[in-house]
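> Got a structure here, written out as structure tokens. Questions coming.
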Amino acid sequence: MTASDNSPRPLIIIGASHAGLSCAEALRKGGFDGAISIIERDSGTPLQRPPLSKTYLDADEGAGEESFYLRRSEWFAQFDITSHQGCEVTKISRADKKVHLDDGRTLFYDKLVIASGAVARTLPLAGGTATGVHVLRTATDARRLRAVLGTVTDAVVIGGGYIGLEAAASLRKAGKSVHVVEFAPRLLARVASPLLSDYCAALHRSAGVTVSTGAACDEILTDDTGTVRGVRLTNGIDLECQLVLAGIGVIPDAGLAAAAGLAVDNGIIVSHTYRTDDDAIWAIGDVARAPSRYELRIESIHHAQTSSQIAAADIMGGELPSNEVLWFWSDQYDVKFQMAGMLPAVPEGTLQHVSRAGRREQSLSVWSWQDGVLVTVEAANDGQAYMIGKKCLEAGISPDPADIANPDFGLKALIT
């Protein structure tokens, strides 16, 4: 329904993302009794994003998606939320507080939350849009990828970040020959310590994946039909494949905000409460950048959840949730990676890293300090180290690196 100038104006959320849905639920649980509408460009029940590069790809094509639902259809009725699916916001008119949809409708708002997320980067190469080149960000991307796996024997994953490595693990588990090509000198160079990078590289190689670091792609090779047949590296080596997955990062979907005159710089700039420079508009999740909170823009489910809770509290005029250290996770093969804190963007060699074997076989944790202050703990199949490290970070405890390196030192002593 299109509101008139005299009708009650609802709170509108752009994006049925984890952040958007969490914000709506937090508002209702916090006592917000106004109308809430969520606008989502994709059709169908929203799916959880983390499994799309993991268990979703492992499932047979056509398998039911119920276990991957982010929220079931009855959730919208339970929390009295109006869902506008399969339509896209084309313009935000801040002066008269309305959004324009691609189907011609105009919806008025009292408050607006932008939870549009991010879009996958596409390959800036010749052949980068050929048939057989995939990205993996949305449910549509995952469905398209899963649908062709039966015709693929060889795959090249371009990008050695978490999405690329998770997809590589899933493809390998599906019996595909997989080659990971990473431009940086190591895997996960932007987000992980060198010690964890080495662990990941060894993990994938032990599973039969070929890992090439310090390697760049020159072009995507295609046959006469425009379908992928290989990848040519800049050193002249050709990698034969029928599928290319580009895992080269994302771009915040901030075009609407920029066109509306909101401050945008690698994301929508927001305050510590996730309010933009327009008092009626908030931005949360992957699309938001809060310099007063974090040095970088954060892409994680935890940040989506946290930012949605903070924005909802600010909208309601309530007390903000207490700060919690950032945490991340990844599943590759039978290894669960759990990370607390965030490595600062400083030159390698500036930080001190210490690894410690866990209680399980092939498990470890990596603890990192900057100027003697603990900044992050990364764990592979070591839940105890992760939880204790997270508590240390939240309490401002910086263990002695010599203690962490000592296998006889009990980690529980740090928090007792």
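All of the numbers you see were taken from the coordinates with simple rules; none came from a lab. Quick caveat: nothing in here was measured; it's all calculated off a predicted structure. Cβ atoms come from the backbone with ideal geometry, glycine included; neighbour counts cover every protein chain shown.
> Determine the relative contact order of the chain: mean sequence separation of Cα pairs under 8 Å and six or more apart, normalised by residue count, in whole percent.
Averaging sequence separation for qualifying contacts and normalising by length gives 14 percent for the chain.
> About the Cα centre, and with charges only on the beta carbon of Lys, Arg (+1) and Asp, Glu (-1), how big is the dipole of the chain? Nearest 20 debye, please.
With only Lys, Arg, Asp and Glu charged at Cβ, the dipole is about 240 debye.
> Starting from the Cα-Cα distance between A280 and Q384, subtract it from 0.36 nm times their residue separation and give me the gain in nm to one decimal.
33.2 nm
> From the residues V335, S206, L125, which one has its Cα farthest along the dipole of the chain in the positive direction, the dipole being from +1 and -1 charges on Cβ of Lys/Arg and Asp/Glu about the Cα centre?
Result: V335, furthest along the dipole toward the positive end.
> Under 26 Å between alpha carbons, and skipping anything fewer than 8 positions from K176 in its own chain: which lysines qualify?
K54, K336
> Can I ask one more? Using the 10 angstrom Cβ neighbour count as an exposure proxy, how do S37, S170 rank, fewest first?
Going from least to most buried by this count: S37, S170.
> Further, regarding this structure: Rg over Rh of segment 122-248, using C-alpha atoms and the Kirkwood radius, what does it come to?
0.94
> With the dipole of the chain worked out from charges on the C-beta (+1 for Lys and Arg, -1 for Asp and Glu) around the Cα centre, which of V244, A304, N381 lies farthest toward the positive end?
With unit charges placed on the Cβ atoms, the residue in question is N381.
> At a 10 Å Cβ-Cβ cut-off, how would you order D103, D403, D238, D408, fewest neighbours first?
In increasing order of surrounding Cβ atoms, one gets D408, D103, D238, D403.
> How many nm is it between the label spots at T153 and R205, if each spot is 7 Å from the Cα in line with the beta carbon?
Distance between label points: 2.6 nm.
> If you put +1 on each Lys and Arg Cβ and -1 on each Asp and Glu Cβ, how big is the dipole of segment 361-416 around its Cα centre, in Debye rounded to 20?
In debye, rounded to 20, segment 361-416 gives about 200.
> Give me the one-decimal Kirkwood hydrodynamic radius in Å for segment 272-416, with the sum taken over alpha-carbon pairs.
About 16.7 Å, per the Kirkwood formula over Cα pairs.
> Next up: Could you list L11, L70 in order of exposure, starting from the residue whose Cβ has the fewest other Cβ atoms within 10 Å?
In increasing order of surrounding Cβ atoms, one gets L70, L11.
> Please compute the contact order of segment 334-414 in relative form: average sequence separation of alpha-carbon pairs under 8 Å and at least six residues apart, divided by the residue count, as a percent.
Taking the mean separation of contacting Cα pairs over the length of segment 334-414, I get 30 percent.
> Further question on the same structure: Give me the Å³ per residue figure for the convex hull around the C-alpha atoms of the chain.
In the chain, the Cα hull volume divided by residue count equals 158 Å³.
> For segment 231-294, compute the orientation-averaged projected area of the C-alpha convex hull (one quarter of its surface), in nm².
Computing the convex hull of the Cα atoms and averaging its projections yields 6.8 nm².
> Pick out, from A357, S22, W75, the residue whose Cα sits farthest towards the positive end of the charge dipole of the chain, with +1 on the Cβ of Lys and Arg and -1 on the Cβ of Asp and Glu.
Ranked along the dipole, the leading option is W75.
> Moving on. Which whole-number percent gives the relative contact order of segment 280-400, counting Cα pairs below 8 Å spaced six or more residues apart?
Relative contact order comes out at 17 percent.
> Calculate the dipole size of segment 122-248 relative to its Cα centre from +1 charges on Lys and Arg beta carbons and -1 charges on Asp and Glu beta carbons; express the result in debye to the nearest 20.
Here segment 122-248 has a charge dipole of around 480 debye.
> In nm, give the distance between the simple-model label positions of A258 and T350, each being 7 Å from the Cα along the Cα-to-Cβ direction.
2.7 nm
> Among 210-222, 82-94, 301-313, 193-205, what's the highest-first ranking by average C-beta atoms within 10 angstrom per residue?
Result, highest mean first: 301-313, 193-205, 210-222, 82-94.
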